[in-house]
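Visitor: Got a structure for you, written out below as structure tokens; questions coming shortly.
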Amino acid sequence: FPLSKSMSASRLFQSGGQHSEPIVRRQSCEALPGKEDRMYELHRMLVEKKPFDDHLRMARSLTDDLRRRDVAFGRAHTESLKDLQGRMEEQLKDRQDEWRQGLVQSRQRADDGVASIMADLQQRQQDYQEWRAEMEARVKSIPALGGEPPVGESAERAAKRRQNLDAVKDCTRGYFQDRRAMQQRLAERPMSMSMRTPGDDRRASDAEARATAGLAQISKVHREYESHVQALYDRHHERVFAERKKREEDFQAHLDYNLAARDLAAARQAATQDKIKAEMAAREERLKSRTKTFAGYSPKAKSDRRLREEAALAHHAFGASRTAFA
């Protein structure tokens with residue numbers, strides 16, 4: 001896979017990653033036995049100016065051990081790479097299996113979700129249809145507002161209207177059939193190549209008379225057809241206008257009834273308000289005109305002796321006052 005610059009420059013990439021087992025690395029031996037002897041032999045060959053082949057031969061003889069170590073390291077490295085490649089392939093296979101299983105499960109979950117949503121939508125649609133049918137049945141069972149609906153066209157009238165329409169169609173069809181037959185007879189009539197004879201004028205006048213009569217008949221049938229259709233339209237318009245006028249009258253009567261009921265309710269409410277105001281005014285008037293109270297004390301009934309004494313005292317006081325004035 002392609003590596004980004006930041007990934008290749010990271011410490012994890014440069015260190016070789018994290019491994020549970022130590023990585024086989026090449027080790028260099030700086031201090032091999034016989035180092036001084038090799039130095040002496042090298043200086044001797046340089047002083048004696050030995051050829052380069054002798055130098056190579058000495059180097060090969062001295063580096064046999066290193067080459068053996070390199071070969072062993074290469075083999076160990078190759079084995080480690082093969083082992084690592086095998087583990088990586090196994091991990092890749094396991095991950096591919098997990099990915100495939102996850103993909104299958106994801107698709108199964110998606111299919112289950114779609115099926116659940118479709119079932120929910122179907123259930124909602126069925127519930128809505130049932131609710132709508134129930135509501136329509138309830139609406140039909142409720143009496144019509146503002147009176148009964150207008151009476152529709154009867155079956156006898158509809159059948160008669162269809163018969164009249166069929167009769168008009170048959171008449172039109174017969175007219176076109178007669179016209180085609182006339183055209184065919186005119187096309188089959190032999191053409192005369194002889195000179196014009198006195199009888200030709202008579203035959204031409206007869207043909208022209210017949211053509212004029214046919215055209216007159218066609219015009220008459222056409223006018224009758226138009227008058228019949230116009231009469232049908234007029235009756236239809238009259239019926240529509242009558243129904244519309246009846247509905248307007250029913251609506252106006254219903255509106256007048258509502259207005260009258262509203263005025264009656266307003267009058268009753270006004271009368272109630274006036275009565276309440278009158279009662280409140282009378283209550284206020286009674287409160288203003290009532291005598292003073294005894295500050296919480298209730299008067300007690302006087303005895304007959306007390307009443308006689310008060311009457312005597314009043315009589316005596318009245319007599320004394322009269323004497324004083326006299």
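The values are calculated or read from the model by the stated rules, or taken from the named source; none is laboratory data. What you are looking at is a predicted structure, and each value in this text was computed from that prediction instead of being measured. Cβ placement follows ideal geometry from the backbone for every residue including glycine, while neighbour counts extend to all protein chains displayed. Areas reflect the complete protein model, heavy atoms only, side chains present, ligands, DNA and RNA absent. Shrake-Rupley method; radii C 1.70, N 1.55, O 1.52, S 1.80 Å.
Visitor: What is the sum of charges around GLU284, taking Lys and Arg as +1, Asp and Glu as -1, for the other residues whose C-beta is under 12 Å from the C-beta of GLU284?
Guide: For residues surrounding GLU284, the net value is +3.
Visitor: Under the 0.36 nm per residue contour assumption, what length would be gained going from the current alpha-carbon distance of ARG68 and ALA317 to full extension?
Guide: 73.1 nm
Visitor: While we're looking at this one, here's another question. Could you give me the ³J(HN,Hα) list for the stretch 106-115, computed from phi with Karplus coefficients 6.51, -1.76, 1.60 and θ = phi - 60°, whole Hz, x at Gly and Pro?
Guide: So the J values, rounded to whole Hz, are 5, 5, 5, 5, 5, 5, 5, x, 5, 5.
Visitor: How much accessible surface does ARG44 have with a 1.4 Å probe, in Å² rounded to 10?
Guide: Estimated to the nearest 10 Å², ARG44 gives 80 Å².
Visitor: Then there's this: Near LYS82, which aspartates and glutamates are there with a Cα under 14 Å away, not counting those fewer than 8 places off in the same chain?
Guide: Once the sequence-local aspartates and glutamates are set aside, what remains near LYS82 is GLU90.
Visitor: If you don't mind, another one. Can you give me the distance in nm between label points at ARG109 and GLU309, each placed 7 Å from the Cα along the Cα-to-Cβ direction?
Guide: Result for the modelled spin labels: 11.1 nm.
Visitor: Okay, moving on. Apply the Karplus curve 6.51 cos²θ - 1.76 cosθ + 1.60, θ = phi - 60°, to the phi angles in the stretch 208-224 and return the couplings in whole Hz, x for Gly and Pro.
Guide: Per residue, the Karplus-derived 3J(HN,Hα) values read 5, 5, 4, 5, 5, 5, x, 5, 5, 5, 5, 4, 5, 4, 5, 5, 5 Hz.
Visitor: Right, another one. Starting from 0.36 nm per residue, how many nanometres of slack lie between GLN85 and PHE251 once their C-alpha separation is accounted for?
Guide: Going from the current span to full extension adds 50.4 nm.
Visitor: Let me ask another. Applying 1/(1 + (r/R0)^6) with R0 = 45 Å to the Cβ-Cβ distance of GLN163 and GLN123, what FRET efficiency is obtained, to the nearest 0.05?
Guide: The pair GLN163/GLN123 has a calculated efficiency of 0.35.
Visitor: Solvent-accessible area of MET39, probe 1.4 Å, all protein chains present, reported in Å² to the nearest ten, please.
Guide: 100 Å²
Visitor: With r defined as the distance between the Cβ atoms of SER205 and VAL151 and R0 fixed at 51 Å, what FRET efficiency is calculated, to the nearest 0.05?
Guide: 0.25
Visitor: How many Å² of accessible area per residue for the stretch 72-176, probe 1.4 Å?
Guide: Each residue of the stretch 72-176 exposes 89 Å² on average to a 1.4 Å probe.
Visitor: For LEU46, what accessible surface area do you get with a 1.4 Å probe? Give it in Å², rounded to 10.
Guide: Accessible surface of LEU46 is approximately 100 Å².
Visitor: Just grab the label-to-label distance for LEU232 and ALA144, each label 7 Å out from Cα along the Cβ direction, in nm (one decimal).
Guide: Placing both labels 7 Å beyond Cα along the Cβ direction yields 2.7 nm.
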